[in-house]
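Asker: What follows is a single structure, and I will ask about it in a moment.
The values are calculated or read from the model by the stated rules, or taken from the named source; none is laboratory data. For clarity, every value in this text was computed on a predicted model and none was experimentally measured. Positions of Cβ are generated from backbone atoms using ideal geometry, with glycine treated the same way; all protein chains shown enter the neighbour counts.
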Amino acid sequence: MAPPGKKSPWTALAELSSIGIAMVLATVIGFVGGYYADTWLGTEPWLLLIGLGLGIAAGFVMFFRSVSKAGREIDDSK
């Protein structure tokens, strides 16, 4: 058990694994949203590519926010 105020290794592992899942999920949501918008509006493949790009960008934004948060927590613990 981790001392009070300190994270256990399992908590840190769970946070790190969620970063990868969030990146993949954001990309898939952007891709699927663009695909359905393309089929609805008949603008193939432009909205699919825009949705994919936005999904990838959202995934990287979540990644960088998580990394900066982890970096701040490491600095605070020193």
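Asker: Only residues in the range 53-78 that are small (G, A, S) count as the first member; pair them with residues that are part of a loop (DSSP other than H, G, I, E, B), Cβ under 8 angstrom, at least 6 apart or cross-chain, and list the lot.
Answerer: Pairs found: S77/K6.
Asker: Please go through the range 54-78 and pick out each residue that is surrounded by 15 or more Cβ atoms within 10 Å (Cβ to Cβ) and either at pLDDT 95 or above or acidic (D, E) (or both).
Answerer: Within the range 54-78, L54, G55, I56, A58, G59 meet the criteria.
Asker: All but one of (1) in contact (Cβ under 8 Å) with a residue 12 or more places away in the chain; (2) in a helix (DSSP H, G or I) hold for I21, so report the exception by its number.
Answerer: (1)
Asker: Within the range 2-42, take every residue that is over 20 Å from G53 (Cβ atoms) and among the hydroxyl-bearing types (S, T, Y) and give me the one that is modelled with the lowest pLDDT.
Answerer: Restricting to residues being over 20 Å from G53 (Cβ atoms) and among the hydroxyl-bearing types (S, T, Y), the top hit is S8.
Asker: For the range 1-53, give me the residue count where each residue is surrounded by 11 or more Cβ atoms within 10 Å (Cβ to Cβ), more than 17 Å from I74 (Cβ to Cβ) and not small (G, A, S).
Answerer: Matching residues across the range 1-53 total 21.
Asker: What is the number of the single condition among (1) in a helix (DSSP H, G or I); (2) without any contact (Cβ under 8 Å) to a residue 12 or more places away in the chain that E44 does not meet?
Answerer: Condition not satisfied by E44: (1).
Asker: Related question: Give D38, D75 a once-over and let me know the one that is over 30 Å from K7 (Cα atoms), assigned to a helix (DSSP H, G or I) and among the acidic types (D, E). Walk me through how you get there before you give the answer.
Answerer: Values: D75 fails: over 30 Å from K7 (Cα atoms).
Just one listed residue meets the conditions, D38.
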